[in-house]
Amino acid sequence: MAARNLTELQKRYHSTAPAGPMGGMGPRPGGPGGPRHMQMRGKGKPKNSGATIRRLMGYIAAYRVRLLVVLCLMLINTVTAVAGAYLLRDVINAVDTTVEPGKSILLRLLMPDAVASGVLTKAQRVECLGIILGVLACIYFVGIVTNYMQGRLMLTVSQSAVESIRNDLFGKLQRLPVRYFDAHPTGELMSRFTNDVDAIDMMINTTLTSLLSGVISLAGTLIMMVYTNVWLTLVTVIFVPLFTMGGSIIAKRSSKYYGAQQAALGAVNGYIEETVTGSKVVKVFNHEEDCVTEFETLNNDMRDKQFRAQFYGGVLGPVMHNISGLAFALTAGVGGLLCIFAGFDVGGLTVFCNYSRQFSMPINNISMQITTVFSALAGAERVFAVMDATPEAPDLPDAVGVGELRGEVVLDNVSFGYRPDHTVLRHVSLYAHAGQKIAFVGSTGAGKTTVTNLLNRFYDVDEGSITIDGIDIRSYKRDELRASIAMVLQDTHLFTGTIMENIRYGRPDATDEEVVEAAKTASAHSFIMRLEHGYQTVLEGDGTNLSQGQRQLLNIARAAISKAPILVLDEATSSVDTRTERHIEHGMDRLMKNRTTFVIAHRLSTVRNANAIMVLENGEIIERGNHEQLLALGGRYYELYTGKKELD
């Protein structure tokens, strides 16, 4: 298979696709023509930054009391900063004999008589200098303490808000239907939890603090600038439009690249996850070079988008810095002229120049955070897109509990399609008595797995109905319905934990003895006991320390421990050898006793003892009957069983 080009890769690994099947009829996710193939390329620019910001603020507002304390601490910190800066004027004027003592606020407070006389001795000036420096030390100490407290408190706010976002995101994933996961790559979804949430965390923790403290600092500094010298304040304020204009021009150019950067990062993560998970398949079919080429294509695309985003985001800071430097130079020049011709004191000029830098510093800091803001907004939109995804339809208001099911299942004229333009099942009808074993056989894509998807209400039928014990399954509470159906899927999945815990996953309240009995039923007990720690053996990485057949046996044991009256076996024995399969069949006979069982199998030897066998082709049941009846019919089943026509 030739390496795919960038456009095709972007379509496959950017989510927002229509939903598709979990398996069975129709193209599988990721396959040609399937859901991921139809995915649209992710948009680069955030669609609604204002709404995203308001939504983020909603998470932060939950901690409004802490935020109020933070604002108070920021206010105190700003007061100490501007007051400390202003006292430098007194420090300079205290040692400058050319400056009248009356221009110093502290001198008027500390030595009113000496100030009234207009003359201070050197000793008095040194004494005043010492007192002023002591006051400065106290002010700056308060500033250090408040800055530490506000930083620590803001950190708790940001981490708590991000924790809530993660909880909501994970909780929403648990409520999303199977069709959503069919249409979205796992790696791309994982990117929402890692890269996107981390970007939000960084913005809340750093940028929000800079913004709040910056606004307060700007207000306090502007007040002191006006108090110190109105004319120099006007000179400084003239540059504000330049700051705004420069920041706006660059921000417009950079914002459109940050969403594209996050989407490209999600695509790279999705490709890595898929390739690493399927590493054995890659090596078996010698696709290493193609994988490297495709990864380089995605990686180069991400590099280009990151370069543009980081370039425009990074250039904003230097531009703002140079504008502020120009403002400082002009302010110092005009202030020097005022000192020469208007009697403005050197201490006042020094303080005002300091204020000029303080005035531009918050603007520079905020501009330097613009990259974080755009990344976070793009990431937040991707996170909220998952949160806003349509969850499974709620149960009907009059939904009933399952209770004690007998397990009589009826499909009445059922039609269904994963997409509106593609029908998978066409007018399928069948009846399964309680305790019967019903088998489905047919070519790949005939619709076998789709039947079980509908039975579990992973999808709802388009036409017709499915009833269990005479009640439409849409009238049951969904959770109770699924708890009444045990499944063994073709693809095995084990969780990190002990073998005992993995088997007990089928029924958390099961005793250890019941777990062992279930393992014996599935013919898994013997190999478990051969492990060093037996049932306490810890499985990691989806049970990679076990063979594929052993993993499947554990999945079967997990279904065996369930008391569900209905059992679905979707190619349950496809991953085990013939000898193990015979052991499983004996165990299955015990497992299926008094349970209505639906079996999907390509190995026709596994369905010979079924009460009824349904042969599906192109979404329709073309033959039905038991093994002997279908062989005598000499039709499609006979061809498949005798090998005259292989399964597709």
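Would you check which residues across region 184-195 are in a helix (DSSP H, G or I), open to solvent by less than 30 Å² (accessible area, probe 1.4 Å) and modelled with pLDDT of 80 or more and list them? Within region 184-195, LEU189, SER191, ARG192 meet the criteria. Of everything listed in (1) in contact (Cβ under 8 Å) with a residue 24 or more places away in the chain; (2) more than 17 Å from ILE556 (Cα to Cα), the single unmet condition for VAL515 is (2). Flag: LEU338 does not match the condition of being crowded, with 16+ Cβ neighbours inside 10 Å, within 27 Å of the chain's Cα centre (by Cα) and either more than 15 Å from VAL240 (Cα to Cα) or of a type in the set (Phe, Trp, Tyr) (or both).
Based on this model, can you work out whether PHE374 counts as closer than 14 Å to VAL237 by Cα and not hydroxyl-bearing (Ser, Thr, Tyr)? Answer is no for this residue. Would a scan of region 279-291 turn up a residue that is of a type in the set (Phe, Trp, Tyr) and modelled with pLDDT of 80 or more? Within region 279-291 (the criterion being of a type in the set (Phe, Trp, Tyr) and modelled with pLDDT of 80 or more), the answer is no, since none of the residues qualifies.
If you check VAL373, VAL351, VAL383 for being crowded, with 22+ Cβ neighbours inside 10 Å, out of contact with any strand residue (DSSP E or B) (no Cβ under 8 Å at 6 or more places or on another chain), in contact (Cβ under 8 Å) with a residue 60 or more places away in the chain and over 29 Å from MET203 (Cα atoms), only one passes: VAL351.
Every condition in (1) open to solvent by less than 60 Å² (accessible area, probe 1.4 Å); (2) of a type in the set (Ser, Thr, Tyr); (3) at pLDDT 80 or above is met by THR580 except one, and the failing one is (3). Within the option set ALA81, ALA51, ALA94, ALA85, being open to solvent by less than 20 Å² (accessible area, probe 1.4 Å), of a type outside the set (S, T, N, Q), assigned to a helix (DSSP H, G or I) and modelled with pLDDT of 75 or more holds for one residue only, ALA85.
Of the residues screened, PHE307 is not one that is open to solvent by 50 Å² or more (accessible area, probe 1.4 Å) and farther than 25 Å from GLN262 by Cα. Assessment of region 632-640 against the conditions (over 43 Å from the mean Cα position of the chain (by Cα), at pLDDT below 85 and either outside any loop (DSSP other than H, G, I, E, B) or closer than 24 Å to ASN555 by Cα (or both)) yields at least one matching residue.
Within the option set VAL428, VAL409, VAL400, VAL451, being surrounded by 21 or more Cβ atoms within 10 Å (Cβ to Cβ), over 15 Å from ILE485 (Cβ atoms) and among the β-branched types (Val, Ile, Thr) holds for one residue only, VAL428.
For region 124-134, a residue qualifies if it is surrounded by 16 or more Cβ atoms within 10 Å (Cβ to Cβ) and in contact (Cβ under 8 Å) with a residue 40 or more places away in the chain, and exactly one does: ILE132.
Taking first residues from region 166-195 that are farther than 17 Å from ALA378 by Cβ and among the hydroxyl-bearing types (Ser, Thr, Tyr) and partners that are at pLDDT below 85 and buried (at least 18 other Cβ atoms within 10 Å of the Cβ), the Cβ contacts under 6 Å between residues at least 6 apart in sequence or on separate chains come to THR186/GLU273. The number of residues in region 541-562 being touching a helix residue (DSSP H, G or I) at 6+ places or on another chain (Cβ under 7 Å), at pLDDT below 80 and open to solvent by 10 Å² or more (accessible area, probe 1.4 Å) comes to 1. Is there a residue being closer than 20 Å to VAL607 by Cα and surrounded by fewer than 19 Cβ atoms within 10 Å (Cβ to Cβ) anywhere in region 511-531? The answer is no, given that none of the residues of region 511-531 is closer than 20 Å to VAL607 by Cα and surrounded by fewer than 19 Cβ atoms within 10 Å (Cβ to Cβ). Here ASN453 clears all of (1) closer than 30 Å to ASN618 by Cβ; (2) modelled with pLDDT of 90 or more; (3) of a type in the set (S, T, N, Q) except the condition numbered (2).
The values are calculated or read from the model by the stated rules, or taken from the named source; none is laboratory data. Predicted, not measured: the structure shown is a model, and the values here were computed from it. Glycine gets a Cβ as well: all are built from the backbone with ideal geometry, and neighbour counts include every protein chain shown. In case anyone asks, the SASA skips ligands and DNA or RNA and just uses the protein heavy atoms, side chains included. Shrake-Rupley method; radii C 1.70, N 1.55, O 1.52, S 1.80 Å.
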